[in-house]
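The values are calculated or read from the model by the stated rules, or taken from the named source; none is laboratory data. The model shown is predicted, which means the values in this text are computed figures rather than measured ones. Cβ placement follows ideal geometry from the backbone for every residue including glycine, while neighbour counts extend to all protein chains displayed. Each accessible area value is taken on the protein alone, full model and side chains, heavy atoms only, with ligands, DNA and RNA left out. Shrake-Rupley method; radii C 1.70, N 1.55, O 1.52, S 1.80 Å.
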Amino acid sequence: MLAFTLRRAIQALGVMIAVGIIAFAMFRFAGDPVNQIVSIDTAAAERAAIRKSLGLDDPVIVQFGRYFADAAQFKFGVSYQFRQPVTNLLMERMPATLELAICATIFAMVFGILMGVYSALHRDGLLAKAFQTISLIGISLPTFLIGILLIYLFSVTLGWLPSFGRGEVVRIGWWTTGLLTLSGLKALILPSITLGLFQMTLIMRLVRAEMLEVLRTDYIRFARARGLTTRAIHFGHALRNTLVPVITVAGLQFGSVIAFAIITETVFQWPGMGLLFVQAVHNVDIPIMAAYLMMVSLIFVAINFVVDILYTVVDPRLRSTVSRPA
Amino acid sequence: MSARQILLAATLASIVAFPLSPAASQTLRYANQGDLKSLDPYTLKETTTIAHHGHVYDGLVARDKDLKIVPALAESWETLNPTQWRFHLRKGVKFHNGDPFTAEDVIFSAERVRAKGSNFLSNVPADAKFVKVDDYTVDVMLDSPNPILISQWDSWYIMDKKWCEQNNAVAPTPASATTPSYAALHENGTGRFIIDSHQPGVKTVYKANPNWWGKSEHNLKEIIFTPIASDATRVAALLSGEVDVIEPVPIQDIQRVNSSGTAAVQTGPELRTIFLGMDQVRDELLYSNVKGKNPFKDIRVREAFYKAIDIELIKGRVMRGLSTPSALMIAPPLFPLAKDFTRQKFDPDAAKKLLTEAGYPDGFEVTMDCPNDRYVNDAAICQAVVGMLARIGVKVDLLAQPKAQYFAKVLKPGGYQTSFYLLGWTPASSDSHNVLHDILGCRDDAKDPTRGEGNLGGYCNKKVDVLTDKILVESDTAKRDQMIKEAFQIIIDDYGYIPLHQQALAWGVSKKVKLSQRADNQVLLYWATKQE
């Protein structure tokens, strides 16, 4: 078990280093940050001084060494645009992104499972077919388009929900939350749907397929033969067995929900880390880009790491083959 | 006390305690495409940022709604002789923290704005020496006469010496700072508004300053600013009434905003001139199939390019009517004699003939550099130009890139790597000298290395440089304007550049709000009134 964990940890470290190298290589093509720091009529001498002070004139290998040494210590320096430490900026934006990601995941789980179960049980029902159609839309329409459509329907035409931002937020320590105010809750609805729609359709289809599979198995037939109620069979036996892969997928998807929040955050001007990253790309704000990429890859690596460990805990067969070298 | 007396007393008390002037009770919500990144007024010289800072800081002078220079923290000034200016400062002005404003603050700000890390070095000439005469009088000594000394002082905001010293913010926040600067997150100006909270890139709240020294024209108690980068979301926020003012409105959405009934678009010509430039320096173009010579060195080719461009078509189709075709490299409001110039007619047949005479009967190939996220419909303008040049046989490969990559390639630090490009320019000083010096001056002047730094095409005519130097020191306005006119005429005759147009400002404004639009695109909400 220890050897397995250690091996996984080393692999995770390898992934982080690879991401670091790729990110650094990308920054070379992002453009000249100095142009974004000063106005266009700034004298060349002044520009050169800034380049020098940012260390952009050093040889590539020196820049890479410095970047890597800092990244290893999670030191990302000061943002070029905001003149604030990147760590502070990210910490300030993190609650917004996490709240959005969690709400989107809850939305996706609840509606995905409900709709999936329903469409599995009433395969030919009209509603089930409607759910299938919705899931097709959710899979095929790009996120930004869904966001803009929702804004036009619920904000501009109906005027029910806000089109941008987080509403009023309450500060608890360093965490800011929109869950405690009415405007904050209202502001969460549209972005959560936009972000969660894809996951929802994914879960719905998964639940439906698994459920249909499970309903065909022998133990369900035996349960029926024993005379258990339909409700007990469907929800006590069938659904519970369906949920194992669903939870795995949802857990793994949580990382991509955070990462893909970039688009949703841009459309809704949601003040999270994704929006910060997009603005940083526009402005060649390398410290923010570096920190964000490292952080997202860390989240992915960490989730995968935990899932791997959990698998061995849950499934004894895996553990036995790993811990007993052949 | 009887009930009536109590009521009367309560009414009186409420009137005394809350002098509720309906004139200052509104909250105005404003969304811009760009962020307010740093509160330090010397960090980034960019229109949106300068406008934000102008709500909380004041300069010695200001510009009014027509861009005329008017007194601000300096009540009046005079030139004792051409190299000595005297400024009489306003008395009784207080910074937001209560510190009094005096000559010391002016001298301190003059040092700070020219210190390392400031992006406003050119706003205050390096040779200007600031001397305190008394607490409310400052003299400025110059090495040579400078009639446009104060032309950029409206964006040079005065800071509080004592506050800066107390908060370790004596130096402007440089781009390469490794520690956060106090002045980047806090303000202490003398202006009409006080920043109540500022979360960079998220939200900034301004409260009206009840102790402002002047007479307020707005009726706002609060301004809430949110950057909204996405065009569709920004327009949606205006249409749904969640914000009152947005800038800019994408031109394809103008019609929709105007027909919404809740908001309208205020448009007007901007001061930025969009133009095309051609590499006239290299002996062989970097990006062309013509080898061994540079076709743009031939004036006939430049004239052909000029005449091949149908500016009215660009105005009608690409800009949807929202541009002002320009004959000059400067916007008409900035040069009184601009009315004497008219743009040459579109004439593709003459262009084709000129090209044949120059030895290119079948045209040639050249690559055009173009930004695609900097100016209004920039890439679309370039595409139109490509089509128009194709009609005279010139095959243009368009390289449209985001501004970060575009500027890295074409500007001086990138080695002017372009053969043909589109650029926009607003003279920071609102004066022709800036254009003649930065864009139209010869490059590589040993005595004046900054001359022509924005002249990416490298157009050069020494006669223009001589005139430019005279224009800098000429104090007689009429004479000066004549010299400017002469210089611009030389450039037109040389076909040094192809001016296209001034793009339009497009502000989306709720019907509840009245707002003055200034041609430099500074959204100044201290001139806004909002009704219930």
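Given a 1.4 Å probe and the protein chains as shown, A:ARG171 ends up with an accessible area of around 150 Å².
Would you work out what percent of the accessible area of the protein assembly as shown, with all protein chains in place, is carbon or sulfur (probe 1.4 Å)?
Looking at the protein assembly as shown in its full context, I get 61 percent from C and S.
Ranking B:ILE150, B:GLY214, B:LEU121 by Cα position along the charge dipole of region B:102-256, where only Lys, Arg, Asp and Glu carry charges on their C-beta atoms, puts B:LEU121 farthest toward the positive end. Take each residue in B:198-204, count the other chain C-beta atoms within 10 Å of its C-beta, and the mean is 6. Summarising the amide proton neighbourhood of B:GLU75: residues at separation of 5 or more, or on other chains, whose placed amide H is nearer than 5 Å comprise B:HIS88, B:LEU89, B:ARG90. Would you please give the FRET efficiency between A:ILE21 and A:PHE144, computed as 1/(1 + (r/R0)^6) with r the Cβ-Cβ distance and R0 = 30 Å, to the nearest 0.05? After rounding to 0.05, the efficiency reads 0.50. Partner shielding of B:181-188 amounts to 1, given as the average count of beta-carbon atoms from other chains within 10 Å of each residue beta-carbon.
Taking the helices alone, chain B has a mean residue ellipticity at 222 nm of -7500 deg cm²/dmol, built from -39,500 (n - 2.57) per DSSP H run of at least 4 residues and averaged over all its residues.
Candidate membrane-span-like segments in chain A, meaning DSSP H helices with Cα atoms spread over at least 24 Å of their own axis and a Kyte-Doolittle mean of 0.0 or above, are A:2-27, A:86-121, A:182-215, A:239-267, A:286-314, with no membrane implied.
Each residue of region B:338-347 was assigned a 3J(HN,Hα) from its phi angle through the Karplus curve 6.51 cos²θ - 1.76 cosθ + 1.60 (θ = phi - 60°); the sequence is 4, 5, 6, 10, 10, 6, 5, 6, 5, 8 Hz, with glycine and proline shown as x.
Ranked from the most accessible area to the least, with a 1.4 Å probe and all protein chains present, what is the order of A:LYS52, B:LYS297?
Per-residue accessible area, sorted high to low, gives A:LYS52, B:LYS297.
Think of region B:270-504 as a dipole: +1 on every Lys or Arg Cβ, -1 on every Asp or Glu Cβ, centred on the Cα centre; then among B:ALA487, B:LEU399, B:GLY452, B:LEU399 lies furthest on the positive end. Looking at the protein assembly as shown, the DSSP beta bridges with both ends there are about 75 percent antiparallel. Which of the three applies to region A:86-282, rounded, prolate or oblate, going by the alpha-carbon gyration tensor with a ≥ b ≥ c and a/c under 1.5 meaning rounded? Cα axes put region A:86-282 in the prolate bin. Inter-part distance, region B:312-370 to region B:468-493, computed on C-alpha centroids, equals 23 Å.
The charge dipole of region A:86-282, taken about its Cα centre with unit charges on the Cβ of Lys, Arg, Asp and Glu (plus for the first two, minus for the last two), comes to roughly 680 debye.
Ranked by the mean number of other Cβ atoms within 10 Å per residue, highest first, peptides B:197-207, A:78-88 order as A:78-88, B:197-207. Here the calculated FRET efficiency for B:VAL133 and B:LYS162, from their Cβ-Cβ distance with R0 = 22 Å, stands at 0.60, rounded to the nearest 0.05. Distance between the C-alpha centres of region A:55-130 and region B:201-237: 30 Å, rounded to the whole angstrom.
Projecting label points 7 angstrom from Cα along Cα→Cβ for A:LEU13 and A:ALA209 puts them 3.7 nm apart.
Relative to the dominant Cα principal axis of chain B, helix B:477-494 is inclined by about 40°. Take the accessible area of A alone and of B alone, subtract that of the pair with a 1.4 Å probe, and the total buried over both chains is about 4000 Å².
Given the rule -39500 (n - 2.57) for each run of at least 4 DSSP H residues, summed and divided by the residues of chain A, what is its mean residue ellipticity at 222 nm, to the nearest 500 deg cm²/dmol?
Calculated at 222 nm, the ellipticity per residue is -24000 deg cm²/dmol.
Taking 4.7 Å between C-beta atoms as the pairing limit, chain B has these partnerless cysteines: B:CYS164.
DSSP bridge analysis restricted to region B:270-504 gives an antiparallel fraction near 65%, rounded to the nearest 5.
In terms of the mean number of neighbouring beta-carbon atoms within 10 Å, the peptides B:227-234, A:281-288, A:54-61 order highest first as A:281-288, B:227-234, A:54-61.
Couplings 3J(HN,Hα) of region B:446-455, computed from phi: 4, 7, 9, x, 8, 5, x, 5, x, 8 Hz, in residue order, whole Hz [Karplus 6.51 cos²θ - 1.76 cosθ + 1.60, θ = phi - 60°; x for Gly and Pro]. If you find the alpha carbon centre of region B:146-168 and of region A:9-31, how far apart are they in angstrom? Going from one Cα centre to the other spans 44 Å. Give the shape of region A:33-92 as rounded, prolate or oblate, defined through the alpha-carbon gyration tensor: a ≥ b ≥ c are the square roots of its eigenvalues, a/c under 1.5 means rounded, and otherwise the shape is prolate if a/b is larger than b/c and oblate if not. It comes out oblate by the Cα gyration axes. With θ taken as phi - 60° and the Karplus curve 6.51 cos²θ - 1.76 cosθ + 1.60 applied, the whole-hertz 3J(HN,Hα) list for region B:278-293 is 10, 5, 10, 9, 5, 6, 9, 5, 5, 10, 7, 8, 7, 10, x, 8 Hz, x standing for glycine and proline. Here's how it looks for B:GLU365: its modeled amide H is under 5 Å from those of B:ASN289, B:VAL290, B:LYS395, which are all 5 or more places away or on a different chain.
Simple spin-label estimate for B:LYS65 and A:ILE247 gives 6.7 nm between the two label positions (7 Å along the Cα-to-Cβ direction from each Cα). Within 10 Å of the Cβ of each residue in A:77-89, the mean number of Cβ atoms contributed by other protein chains is 6.
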